[in-house]
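Novice: This is the structure I have questions about; it appears just below.
The values are calculated or read from the model by the stated rules, or taken from the named source; none is laboratory data. Treat the numbers as computed from the prediction; the structure is a model and nothing was measured. Here the Cβ is made from the backbone with ideal geometry for all residues, glycine too, and neighbour counts use every protein chain on show.
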Amino acid sequence: MQQRAINVILSGVTGTALAGMLVAGVAAASDDSAPSENQFHPKQAVAAQQQQKATTRHSDLGAVKGVEKGAVKGADKSAEKRDAKSKASESASEKKDPEVLLSGETTASYFWDDGSGVRGDTGAPASGKPMQKGMFASPSWPMLTKVKVSYNGRSVVGFVGDRGPGAPSHRGIMLDLDTYTFRYLLDGEKPKSKYHAGTGQGHLKGLKWEVLDWGPGKGKKGKPRPFGSG
């Protein structure tokens, strides 16, 4: 009886142990053969790499297209600016060339009369404007007439602000120029003083004059007339 009881107990223990070993083996086999959720198969890895390359190429193409569009827009804007500058330059050129009402040639002398009494000058300019660079004296043209004078490739635009020359106008000297204009037209230099051009040449022969606008003051339009001729 005692021996039989021992055998029954041993059989139960052995069976339980065997069952535990079987369960552990199955679990181990299951762990070894089953892939983890984070593990990629070779085919999946290749597909992921191809997808990444495609995305990178698409981004690069987008960047290139963006640069090309920016360059085209920049070129268009530059062309528009050049066109605008060209039109502005043309408009400015048109403004610089006003209509010439009358033109001709004469011999010009120079003067500077500010009423200071220097060198015997006691009067002031007949127009009432102060003596200045760009003020000319005419024996007959209306006061404040706008005149362009040219000589040796240089030009000055001034106005009639005084009367003169006197007696020389009867010898064909129909314009008196301020000292600065006279010397500039002669050689591009400045006069020695307001009253002396600083050169032995006292006349400019073949001076070209152009009337751009008749002034509102007293005088006569048309070809210049000698002083006091009426």
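Novice: Give the residues of segment 80-128 that are part of a helix (DSSP H, G or I) and either under 30 Å from residue 200 (Cα atoms) or at pLDDT 85 or above (or both), sorted by residue number.
Specialist: Listed by number, the residues that qualify are 118, 119, 120.
Novice: How about segment 188-218: which of its residues are in a loop (DSSP other than H, G, I, E, B) and under 17 Å from residue 103 (Cα atoms)?
Specialist: Filtering segment 188-218 for residues in a loop (DSSP other than H, G, I, E, B) gives 188-203, 214-218.
Residues satisfying the conditions are 214, 215.
Novice: Could you count how many residues in segment 135-158 are part of a strand (DSSP E or B) and within 32 Å of the chain's Cα centre (by Cα)? Step through it out loud before you land on a result.
Specialist: Restricting attention to segment 135-158, the residues satisfying the condition of being part of a strand (DSSP E or B) are 135-137, 146-151, 154-158.
Then drop every residue that is not within 32 Å of the chain's Cα centre (by Cα), which leaves 146-150, 154-158.
Total meeting the criteria: 10.
Novice: Working only within segment 159-187, note down all residues that are outside any helix (DSSP H, G or I), at negative phi and surrounded by 19 or more Cβ atoms within 10 Å (Cβ to Cβ). If you could, list the steps in order and put the result at the bottom.
Specialist: Here is the first cut: in segment 159-187, the residues outside any helix (DSSP H, G or I) are 159-166, 172-178.
So of that shortlist, the ones also at negative phi come out as 159-163, 165-166, 173-178.
Matches in segment 159-187: 159, 160, 161, 162, 163, 165, 173, 174, 175, 176, 177, 178.
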